Amino acid sequence: MKAAYRNLLGGRDGAVGLAVLAALLFAVIPALLDPFRLNLMGKYLSYAFVAVGLVLCWGYGGILSLGQGIFFGIGGYCMAMFLKLEASDPVSTKIQTTPGIPDFMDWNQITELPLFWQPFHSFSFTLLAVLALPTLFALVIGLAMFKRRVGDVYFSIVTQAIASILTILIIGQQGLTGGVNGITDLKTLHGWDIRSDHAKLMLYFINAGLLIGCILFGRYVLGSKLGRLLMAMRDKEERVRFSGYDVASFKIFVFCVAAAFSAIGGAMFTLQVGFMSPSFVGIVPSIEMVIFAAVGGRMSLLGAVYGTVIVNLGKSYFSETFPELWLFLMGGLFIAVVMYFPNGLAGLYDSHGKRLLGLLRRGRGKSAIKVPGMEASK
């Protein structure tokens, strides 16, 4: 029981941190925000899945992937395909030349639903595809790279190239994917209007619950022997290899886990925002996702969530208040964090927050000792 408590919750400090995050996500934030802002927060939390995966992959595994938008996009497109097919029933599309297919296919003179779209009529298959397709893609990339000992900056460049290729492919196949506009006008999930305020509230809670589940799974991995091996590989990879461990297999595993987390985030993004486009697949969004993890602290699963939310809140504020300068302000924020807080918000808490809490506890302890004496003197 103690081992499970330590591995799954991270001990006392980890349990308290997780409880605080859960209270914020499930009680404080829904109580304070209106439906529009809550939906915006749900969008930010969908990015946090990617950041949590990067903590495992980059922070502990030493694998800096600059292409996590690939898996975020695949998960999002899988969900969008199901929702688009539901929105493209023959009655709703009767004005088209070919009723019963997505509108962008009809615009591009496609007269029959492509074969690879057919299975996405099933919601069960869609859920399976959201997890399986990105994980299999990550497995192929991992086998091709890690088995040949391609790592460090070379791996980062390769993931960037794949993200760029996938973006070009999606845009080029406009009749099959919606092109640069993506898959839009998503309305219902099994007849449930996902655009209503009630649906947005429910999807927010589902999103938050899945995020907590991913954090718990990440802590389970890090608390196991595999977690210790990941840190050892990050610091002394050759020593771990010469000890008889298959380093490539461990790297492939954690890379696939990070891909699955990203895909869940992509699917939840599609449900909450109502569309998916190639602008979330390419190099720029992938680098932004790395920034989320870096600001929060690349060694902290909880810090990744806070970093994602803070960066996106700053991004929204700067873009609304300083539309011509917000990119420079965001860049300055990232540079400042890297220069002065290299371990992110989690490192700042470790170096200053815990010390402050310790002083407060000692202060309460001293006051508790003085009070009985004062009462006795009376």
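Assorted remarks:
- Cα gyration tensor, region 19-178 - rounded (a/c under 1.5), prolate or oblate: oblate
- Along the chain, longest interval not containing exposed GluC sites (Glu not before Pro), exposed being DSSP loop plus at most 14 other Cβ atoms within 10 Å: 113-323
- Remark: the ARG148-GLN174 segment gains 5.8 nm on full extension, using 0.36 nm per residue and subtracting the alpha carbon distance.
- Cβ-based charge dipole, region 2-367, positive-most Cα from SER46, MET339, GLY274: MET339
- Relative to one another, the C-alpha centroids of region 195-243 and region 118-192 are positioned 20 Å apart.
- Calculated FRET efficiency, ALA31 to SER164, Cβ-Cβ distance, R0 = 45 Å: about 0.60 to the nearest 0.05.
- Shape call, region 141-277: gyration tensor on alpha carbons, a/c limit 1.5: oblate
- Using alpha-carbon coordinates, inclination of helix 247-273 to the longest axis of the chain, degrees: 70
- Cβ-Cβ FRET estimate between THR184 and ARG239, R0 fixed at 41 Å, reported to 0.05: 0.20
- PHE123-LYS94 FRET efficiency (beta carbon distance; Förster radius 25 Å; 0.05 resolution): 0.55
- Lys, Arg +1 and Asp, Glu -1 on Cβ, resulting dipole of region 2-367 about Cα centre, debye, nearest 20: 2020
- Lys/Arg +1, Asp/Glu -1 at C-beta; the chain dipole; positive extreme among ILE183, THR321, GLY151: GLY151
- Note on the chain: percent of Cα-Cα distances in each 20 Å bin, starting at 0 and stopping at the bin with the largest distance, equals 26, 53, 17, 3, 0.
Coordinate-derived values only; no laboratory data. All of these numbers come straight from a predicted model, not from anything done at the bench. Here the Cβ is made from the backbone with ideal geometry for all residues, glycine too, and neighbour counts use every protein chain on show.
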